[in-house]
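Notes follow the structure.
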Amino acid sequence: MRYRAFGHILSCNVPLQELEQTLSPDSTEEVDLRVLFSPADEYIPSPLSWYLTVSLADGTPWLRCAKVVSGYLLHFPSLASFMFDTSSDSIRCVPEPQTPSHTLHHLLLDQVLPLVLNHKGKEVLHGAAVVTPYGVCAFVGPTGTGKSTLAASFLSEGYSVLTDDCVVLDARGGDIVAFPAYPGLRLWDDAIATLFGTTGSCAPVAHYTPKQRFTAALAVTPFCSSAVPLAGIYVLGTSDDAHAVPASTPEMHPLTEREALMTLLSLAFKLDIRDHRMLTREFDFLHRLVTQIPVRRLTVPDSFTTLPAVQAAVLHDLAMSC
């Protein structure tokens, strides 16, 4: 089965309901990445060391990365391991016996693929993006700053969502473009109920979180399936940020090129932090981005009732920047 995501064609040996399937399984389009889900008892190499460990807030290891002979091993303790073979552009998932399939799909789509795409030459930011009359606007920031909720608020008003939590960027001619991911948003129940009521459909994201993967009624707001030029980036902050001012209305402040560059570097997915060529490429690309695309810090009040005002402020800012 073949799927289209993040500007690439993927083949997979199991159905991936979250992704947009290509029009024909006999398509002549070249496959960029091959994904294989293996049995739980499949062999996994044991690395001598891990070059990166990402931990949860309580200190529990969430992701460990290691360089192995064939490429990279990405290990999610008690959940699954993913082997990325750089020579064949293939990803092999070996699950733990108790990990359900929807959790494996989430790890692949929202954790592993962004890192693999970084290795393949794309710059990938932690954020969501929507299509406006002025181009794509991206909402970036750490986990918990409301990126998906803000994107969902635009969707509820008829704007197409381009991607959720992973903004894949590349240069095309004089533009910087953002690529579509898949037709879904990961949202909390209260956001779904407030913004959409009973419209659309939901499915669990993963067994360890109550978040739902919300799919809009595509007949009402079609999923954007093509790359669109980037028009603006908004860095979301929480109320305890040094730049945040508690208020009932949104606050927006431009970032200097240096501030924008350092912020986006901290929000970029990186597979191998020791890869100097990747780091140089990323720095050069993001330097071009911040000199070409406006980057603002946006503080969003913690209330669903203020979302229309946030939308209006963003759209006005984009219109003034064109």
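The values are calculated or read from the model by the stated rules, or taken from the named source; none is laboratory data. All values reported here derive from a predicted model rather than from experimental measurement. All Cβ positions, even for glycine, are placed from backbone atoms using ideal geometry, and neighbour counts span all protein chains on display. Heavy atoms of the whole protein, side chains included, go into the accessibility calculation; ligands, DNA and RNA do not. Shrake-Rupley method; radii C 1.70, N 1.55, O 1.52, S 1.80 Å.
Which one, Tyr159, Tyr234, Tyr208, has the greatest fluctuation when you compute a Gaussian network model over the chain with C-alpha springs under 10 angstrom?
Its mean-square fluctuation being the largest, the pick is Tyr208.
Expressed as a whole percentage, what fraction of the accessible surface of the chain belongs to carbon and sulfur atoms when a 1.4 Å probe is rolled over the protein heavy atoms?
Details: 7850 of 14480 Å².
In the chain, the share of accessible area belonging to carbon and sulfur is 54 percent.
Once ligands and nucleic acids are excluded and a 1.4 Å probe is used, how much of Ile273 is accessible, expressed in Å² to the nearest 10?
The value for Ile273 is about 80 Å².
Restricting to the chain, what percent of DSSP beta bridges are antiparallel, rounded to 5? It would help to have the intermediate numbers written out before the result.
Numbers: 58 of 75 bridges.
About 75 percent, rounded to the nearest 5.
Determine the distance separating the Cα centre of the range 176-215 from the Cα centre of the range 50-121; give it in Å without decimals.
22
Roughly how big is the chain's charge dipole about its Cα centre, with Cβ charges of +1 (Lys, Arg) and -1 (Asp, Glu), in debye to the nearest 20?
Details: 21 positive and 32 negative charges, 75 e Å.
About 360 debye.
Pairs Lys120/Lys211; Lys67/Lys270; Lys120/Lys147; Lys147/Lys270; Lys122/Lys211: which exceed 22 Å Cα-Cα? Provide the component values of the computation, followed by the final result.
Numbers: Lys120/Lys211 30 Å; Lys67/Lys270 14 Å; Lys120/Lys147 25 Å; Lys147/Lys270 20 Å; Lys122/Lys211 28 Å.
Beyond 22 Å between Cα atoms: Lys120/Lys211; Lys120/Lys147; Lys122/Lys211.
What number comes out for accessible area per residue over the chain if the probe is 1.4 Å? Units Å², please.
For the chain, the per-residue accessible area is 45 Å².
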